[in-house]
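The values are calculated or read from the model by the stated rules, or taken from the named source; none is laboratory data. Computed from a predicted structure; not experimentally measured. Cβ: placed from backbone, ideal geometry, glycine included. Neighbour counts: every protein chain shown.
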Amino acid sequence: MAKKLEQIMAGLSAKRRARVEARADELATLKDLRQAVAQTQEKLAAELGVGQDTISRLEKRSDMLLSTLRRYVEAMGGELELVARFPNRNPVIIDHLPPDRKAGSGVRKARAAGSRKLAA
């Protein structure tokens, strides 16, 4: 059976719990970023060409494509930077990500066109 976060935190020493809580305070959510630049979900949705409900769901996700995150950050006027950190090495900035494109949209369009031809 899965443990709840409260159970795990209760099992930590006070010192470790304080370190975990301090680190959690340093982390920003997508909602925090959006609010920091004084942008509403509605304005961001309009900038991205999606509905406000899409922004709400996006801000609650724990996993997403880098291209989605990049579009979200750029729509607020920011720039996404991906950094890989390794022990005993300098950080590496990964700046050669594939260009932003909607994943699979070409495949779906091709399949849809093929289906229409078969139906004709």
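The table below lists the values:
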| item | result |
| --- | --- |
| Close pairs (8 angstrom Cβ cut-off, 6 or more residues apart or separate chains): farther than 24 Å from R34 by Cα and surrounded by 10 or more Cβ atoms within 10 Å (Cβ to Cβ) in the stretch 80-95, modelled with pLDDT of 90 or more and not charged (D, E, K, R) anywhere | V92/V83; V92/A84; V92/F86 |
| Residues satisfying the stated conditions in the stretch 66-87, i.e. within 17 Å of K31 (Cα to Cα) and in a loop (DSSP other than H, G, I, E, B) | M76, G77, G78, E79, L80 |
| In the stretch 50-65, the residues that are free of Cβ contacts under 8 Å to residues at least 12 places away in the same chain and over 17 Å from A28 (Cα atoms) | V50, G51, Q52, D53, T54 |
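Conditions tested, residue by residue: (1) in contact with a Phe, Trp or Tyr (Cβ under 7 Å, 6 or more places away or on another chain); (2) hydrophobic (A, V, I, L, M, F, W, C); (3) part of a loop (DSSP other than H, G, I, E, B); (4) loosely packed, with under 10 Cβ neighbours inside 10 Å.
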{"position": "Q7", "(1), (2), (3), (4)": "no, no, no, yes"}
{"position": "A22", "(1), (2), (3), (4)": "no, yes, no, yes"}
{"position": "K43", "(1), (2), (3), (4)": "no, no, no, no"}
{"position": "T54", "(1), (2), (3), (4)": "no, no, no, no"}
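Quick grid of which residues meet (1) exposed (fewer than 10 other Cβ atoms within 10 Å of the Cβ); (2) at pLDDT below 90; (3) in a helix (DSSP H, G or I):
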residue	(1), (2), (3)
M1	yes, yes, no
R17	no, yes, yes
V50	no, no, no
S62	yes, yes, no
